[in-house]
Amino acid sequence: MRVISFFFKSLMFLVVVGGLTFLISREVLLNISITQLKTGTSTLRAQKLQPGQPTVQCTNSPFAEVPVGIVEALQLTFTTNQAFQAELVCDSSIREPMILASFKLAPFVTKKPGSSGLLWGKTTTGLTLQLWGRQKSVILSGGELISNDGPLQIALQPGPIATCNAYGFTCCGEASGLGQGDQTMRVRDCSASCFALCVARPVLLAFTSQPFADPATRSLTLSDIKEVTFNYVVDFGAAKGGTVTIYFGDGQTQMLTDSSGSFTHQYLCAANACEYQSILTVSDTQGLQAMATNLSMIKIRASN
């Protein structure tokens, strides 16, 4: 009985000690990360520069006729959800940001997606750090870095213009992905497709015909034989299934569910000459459609 009691008390002791260690470690790592951000702001403060001022520090220009530039911003910009750097931005349209120093958050601490960093000056910008279910918000205003428990509770001014990855977002490929969730256009690399989430959409890999269509004009001409066989190959993406529908251009359609296959159709032209536009569409089981491109269309000319 004593052995069981001792075992139970020992187990409870370990649980309590483990829990306290977890909580203390979490706070220590978050505070180390905030200290890193404060060190970054000290690097910006040491520049003693203000946006709108010309400075000889802005000299890394590829244009000899523009030797000195104007300070556009001093900023802490994240490059990943953990790494960030202090930057001096001069005439961003012609110069790359000057990296003053590089930093990294404490192990396991990450920046919450949706923000890119902090701007120095009269603006008020902020971000949220997160670790193991705990969040701390950081606000940079008037040159002072303020931290609070919990996520940001107020809407602040946008942070630095950075890469899509700096926000914790993804550049969605227009043909292969569909952006969902939050979007930002304050990015240097993919302003139209930077989303919090990219869902793989179906992709049409090949759409050909027999007789062969001219690959440049995507068209073919029929004379004696009015029958055409259309072949296709598709990738349904994450859904792993869907439907392929062909619109023959004469009011008739046909549907298949295989990732590759063929349709055979006979065109009946009652006039001296007829034109049809065959169009292939692809939808997956989640309702997402493949992007319509020139590859998904073949023009048919028939003559008697």
- Task: Within segment 142-169, count every residue that is assigned to a loop (DSSP other than H, G, I, E, B), under 21 Å from the mean Cα position of the chain (by Cα) and small (Gly, Ala, Ser).
- Result: 2
- Query: When you go through (1) under 21 Å from the mean Cα position of the chain (by Cα); (2) surrounded by fewer than 23 Cβ atoms within 10 Å (Cβ to Cβ); (3) of a type in the set (D, E, K, R) one by one for Glu96, which number turns out not to apply?
  - Reply: (1)
- Being of a type in the set (Lys, Arg) and free of Cβ contacts under 8 Å to residues at least 60 places away in the same chain narrows it down to one of Lys226, Lys299, Lys240, so name that one. Lys240
- Query: Residues in segment 111-121: is at least one farther than 18 Å from Leu140 by Cα and of a type in the set (D, E, K, R)?
  - Reply: no
- Which of the residues that make up segment 220-242 are over 36 Å from the mean Cα position of the chain (by Cα) and surrounded by 15 or more Cβ atoms within 10 Å (Cβ to Cβ)? Leu220, Leu222, Lys226, Val228
- Note on the structure: When segment 261-276 is checked residue by residue, the ones that are in a strand (DSSP E or B) and over 35 Å from the mean Cα position of the chain (by Cα) are Ser262, Phe263, Thr264, His265, Gln266, Ala273, Cys274, Glu275, Tyr276
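Any idea which residue in segment 145-159 is surrounded by the fewest Cβ atoms within 10 Å (Cβ to Cβ), counting only those that are in contact (Cβ under 8 Å) with a residue 60 or more places away in the chain and under 11 Å from Leu118 (Cα atoms)?
Of all residues in segment 145-159, those in contact (Cβ under 8 Å) with a residue 60 or more places away in the chain come to 145, 147, 159.
Restricting the remaining residues to those that are under 11 Å from Leu118 (Cα atoms) gives 145, 159.
Working: Leu145: 19, Gly159: 25.
Result: Leu145.
Can you tell me which residue within segment 255-277, out of those that are under 26 Å from Ala200 (Cβ atoms) and out of contact with any Asp or Glu (no Cβ under 9 Å at 6 or more places or on another chain), is surrounded by the most Cβ atoms within 10 Å (Cβ to Cβ)?
Here is the first cut: in segment 255-277, the ones under 26 Å from Ala200 (Cβ atoms) are 255-263.
This time we only want the ones that are out of contact with any Asp or Glu (no Cβ under 9 Å at 6 or more places or on another chain), so: 255-258, 260-263.
Details: Met255: 11, Leu256: 15, Thr257: 11, Asp258: 12, Ser260: 13, Gly261: 13, Ser262: 14, Phe263: 20.
My answer is Phe263.
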- Of the residues in segment 170-189, how many are part of a loop (DSSP other than H, G, I, E, B), surrounded by fewer than 19 Cβ atoms within 10 Å (Cβ to Cβ) and of a type outside the set (D, E, K, R)? 4
- Item | Boolean, Phe195 is buried (at least 18 other Cβ atoms within 10 Å of the Cβ), of a type outside the set (Val, Ile, Thr) and modelled with pLDDT of 95 or more | yes
- Note on the structure: Those residues of segment 102-141 that are assigned to a loop (DSSP other than H, G, I, E, B) and on the phi > 0 side of the Ramachandran plot come to a total of 5
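The values are calculated or read from the model by the stated rules, or taken from the named source; none is laboratory data. This one's a predicted model, so the numbers in the text were calculated from it and none came from an experiment. Don't worry about glycine lacking a Cβ; one is built from the backbone with ideal geometry, like all the others, and counts go over all protein chains shown.
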